[in-house]
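*Asks:* Quick one: structure below, then a few questions.
Here, each number is a calculation from the coordinates, and none is a lab measurement. It should be emphasised that the depicted structure is a prediction, and the values quoted were computed from it without experimental measurement. Here Cβ is always computed from backbone atoms with ideal geometry, including for glycine, and neighbour counts include all displayed protein chains.
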Ligand SMILES: Cc1cc2nc3c(=O)[nH]c(=O)nc-3n(C[C@H](O)[C@H](O)[C@H](O)COP(=O)(O)OP(=O)(O)OC[C@H]3O[C@@H](n4cnc5c(N)ncnc54)[C@H](O)[C@@H]3O)c2cc1C
C-alpha cells in the first residue's frame, strides 16, 4: 500500500491530521472534493487550547502573526464576558483569524511535511476488510480507486465517510436559523454610531465586513433556503432602523442549530473527526477548534499503530476521549442557542432578560467565569485515568512541555532519564530536569499528561516501565 492513511476532506481538521501523521513518518494522502480552495470563512476564531496545540509543534507564531488577539470572549452573547486572560495559560486570548487563513497555514504545514493533497477528488464510497479500506471516488480524470490501511472522514457535517461506514448521527434538527453576510461596502459611521444592537459585526480582510443576524421574523426559515440581499437588507432595517449601507455582497448564507454527535468516532479501520463527528450552532465559535483537537488526539495514536509500537487499546482511546468532548460542546452550544432563541420570542422577552441578568451576575464570580471560560477555550478538557493521579489527562502547563514535543514524540521529565532514553529513544524525547514539584512526568504527544510520580512516592523502575509501556508501548530491546 503506497498510502497508509487516506483522509477525506482538506478542511482544518483534515489538514492538521495529515500534518500530524506525516510528522510521525506516515504516508498520507488527503482527498478534497473542491477543485480549489474557496475564499469564504465560516470560522473567525482560534481559542486558547488551539493556540497551545499549535505551540506544541512550534508553529503558533505563524498564526499569531496573521491575526489579532482579544483577551475576553462571550457565552450566549451575555453582557458579562468570559475572561480568557485569567486562565492558567500563556495564551489567554482568542485569536481572530479567518478560517481561510487558518486553512492556508495548515495546508502550508502539511505540504512542508510531505502530505499529498489532491483537489477535485470526491470520496464516494468505501469498503473495509481486515487489512484495509478500499476508497472509491470521482476525480478530474474520472473514477478512481485507492486502498489504505485506514480512512479518516474529515469531510464535514454531511460526511460521506460517516454515511458509507454506517455510523449513526443522532441528535436534533434545526429549530432556528441565522443569516450571515460578507459585504464589500458598509457605512462604517452608521456602525460606529449604532450602540448596542442585536447583530454580530466583524471586519474581515480585503476590506470586507461580516454581519450575522438572527431575527424573530426570519429565524424559522429553513437553513437550506438561500439568503437574498433584499431579505438581508430588510431584516437589518426592521431590527435596527438602518441597513448600515450594505452593498456588494460577497457571500450570503444561512445556518441552523441542528446538533448531532456521531454515535461512534470509529468503525473498524474508519475514523471520524471534526464536523464529520459533531455539528452544532457556532455559538462562541467552537467547531473548528474542536476539530483541531480531534486531529491532535487521533494523529499520534494512528501513527503509533502504523509504526508498530501502539500498546493494545490505544486506538480505542480516541473515541473514549473525544466522544465525551463532542457531547460537551454540543450541550453548551444548545444551551447558548436556546437563550438566543428565547430572547427573540416576544412573549419571553421579559423573563429572558431577567435570566440574562441573573447569568451576568453569576459570571461576575471568578470561579463561575473560569469554569465556562475553561469549557469554551477547551483548556479544561481532560482525559482522566480512573484510579490515576488528578494530574493525569490534564494539559501540561508552562513552556517546557511544548519545547520537548515539537517533533510529535512523547516527552519525559525526571530522574529516570537514562532508563527512558535507553528503552524508548525513538518515541520519547527526554529532559533530565524535574517537572516543577513532581519527580517524574510523562507527556503525551498531544500535550496531555500520561503519568506522574509525586515527590512523596519513591523511585521505582518497574512502575515507571509499566506506566510508560501503557502509553508508549513496550521498550525497544537490544
Ligand atoms: C457561520 C459559522 C461561523 C462559524 N464560526 C466558527 C468560529 O468562529 N470558531 C470555530 O471554531 N468554528 C466556527 N464555525 C464552525 C467551523 O466552520 C467548522 O466547525 C469547521 O469548518 C469544521 O472543520 P472540518 O475540517 O471538520 O470540516 P469542513 O471545514 O466542513 O471541511 C470539510 C472538507 O471536506 C470536503 N469534503 C466534503 N465531502 C467530501 C467528499 N465526499 N470527498 C472529499 N472531500 C469532501 C469539503 O469540501 C471540505 O473542504 C462556524 C460555522 C459557521 C457555519
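*Asks:* In region 67-92, what residues are part of a loop (DSSP other than H, G, I, E, B) and over 17 Å from residue 53 (Cα atoms)? Spell out the reasoning first.
*Replies:* Just the residues of region 67-92 that are part of a loop (DSSP other than H, G, I, E, B), to begin with: 67, 71, 74-81, 87-92.
Selection gives 71, 74, 75, 76, 77, 78, 79, 80, 81.
*Asks:* For region 388-406, does any single residue satisfy the condition of being surrounded by 18 or more Cβ atoms within 10 Å (Cβ to Cβ), part of a helix (DSSP H, G or I) and within 20 Å of the chain's Cα centre (by Cα)?
*Replies:* Yes.
*Asks:* In region 145-160, how many residues are part of a loop (DSSP other than H, G, I, E, B) and farther than 20 Å from residue 21 by Cβ?
*Replies:* Filtering region 145-160 for residues part of a loop (DSSP other than H, G, I, E, B) gives 149, 154-159.
When the remaining residues are screened for being farther than 20 Å from residue 21 by Cβ, the result is 157-158.
Here the count works out to 2.
*Asks:* If you don't mind, another one. When only residues in region 111-131 that are in contact (Cβ under 8 Å) with a residue 12 or more places away in the chain and over 19 Å from residue 22 (Cβ atoms) count, which is surrounded by the fewest Cβ atoms within 10 Å (Cβ to Cβ)?
*Replies:* Step by step, filter region 111-131, then rank; the result is 131.
*Asks:* What tally of residues in region 4-51 results from selecting those that are on the phi > 0 side of the Ramachandran plot and surrounded by fewer than 20 Cβ atoms within 10 Å (Cβ to Cβ)? Quick ask: steps written out before the conclusion?
*Replies:* Of all residues in region 4-51, those on the phi > 0 side of the Ramachandran plot come to 9, 25.
Now restrict to residues that are surrounded by fewer than 20 Cβ atoms within 10 Å (Cβ to Cβ): 25.
Residues in region 4-51 being on the phi > 0 side of the Ramachandran plot and surrounded by fewer than 20 Cβ atoms within 10 Å (Cβ to Cβ): 1 in total.
*Asks:* Scan region 132-144 residue by residue and report those that are within 14 Å of the ligand (Cβ to nearest atom), in a strand (DSSP E or B) and surrounded by fewer than 20 Cβ atoms within 10 Å (Cβ to Cβ).
*Replies:* Correct list: 136, 138, 139, 143, 144.
*Asks:* Further question on the same structure: Report whether or not residue 248 is more than 28 Å from the chain's Cα centre (by Cα) and either touching a residue at least 24 places away in the same chain (Cβ under 8 Å) or closer than 21 Å to residue 287 by Cβ (or both). First the steps, then the outcome.
*Replies:* Details: more than 28 Å from the chain's Cα centre (by Cα): yes; either touching a residue at least 24 places away in the same chain (Cβ under 8 Å) or closer than 21 Å to residue 287 by Cβ (or both): yes.
Considered against the rule, which asks whether it is more than 28 Å from the chain's Cα centre (by Cα) and either touching a residue at least 24 places away in the same chain (Cβ under 8 Å) or closer than 21 Å to residue 287 by Cβ (or both), residue 248 comes out as yes.
Residues are listed down the side, and each one gets a yes or a no for (1) farther than 19 Å from residue 212 by Cα; (2) assigned to a helix (DSSP H, G or I):
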{"residue": "271", "(1), (2)": "yes, no"}
{"residue": "288", "(1), (2)": "no, yes"}
{"residue": "295", "(1), (2)": "yes, yes"}
{"residue": "304", "(1), (2)": "yes, yes"}
{"residue": "310", "(1), (2)": "yes, no"}
{"residue": "317", "(1), (2)": "yes, yes"}
{"residue": "328", "(1), (2)": "yes, yes"}
{"residue": "337", "(1), (2)": "no, yes"}
{"residue": "341", "(1), (2)": "no, yes"}
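*Asks:* Let me ask something else about it. Could you please find all residues in region 175-200 being within 23 Å of residue 335 (Cα to Cα) and in a strand (DSSP E or B)?
*Replies:* 177, 178, 179, 180, 199, 200, listed by residue number.
*Asks:* Follow-up question, since we're still on this one. Name the residue that is farthest from residue 294 (Cα to Cα), counting only residues in region 363-372 that are touching a helix residue (DSSP H, G or I) at 6+ places or on another chain (Cβ under 6 Å) and surrounded by 19 or more Cβ atoms within 10 Å (Cβ to Cβ). Talk me through it step by step, then tell me what you get.
*Replies:* Within region 363-372, the first condition is being touching a helix residue (DSSP H, G or I) at 6+ places or on another chain (Cβ under 6 Å), and the residues that meet it are 363, 368-369.
Add one more test, that the residue is surrounded by 19 or more Cβ atoms within 10 Å (Cβ to Cβ), and what stays is 363, 369.
Details: 363: 29, 369: 25 Å.
Ranking the qualifying residues of region 363-372, first place goes to 363.
*Asks:* For residues that are under 18 Å from the mean Cα position of the chain (by Cα) and in a strand (DSSP E or B), scanning just region 31-57, find the one that is farthest from the ligand (Cβ to nearest atom). Outline the logic, then answer.
*Replies:* Going through region 31-57, the residues under 18 Å from the mean Cα position of the chain (by Cα) turn out to be 41-57.
Filter once more, so that each one left must be in a strand (DSSP E or B): 45-46.
On the way: 45: 4, 46: 7 Å.
Only one residue fits best here, namely 46.
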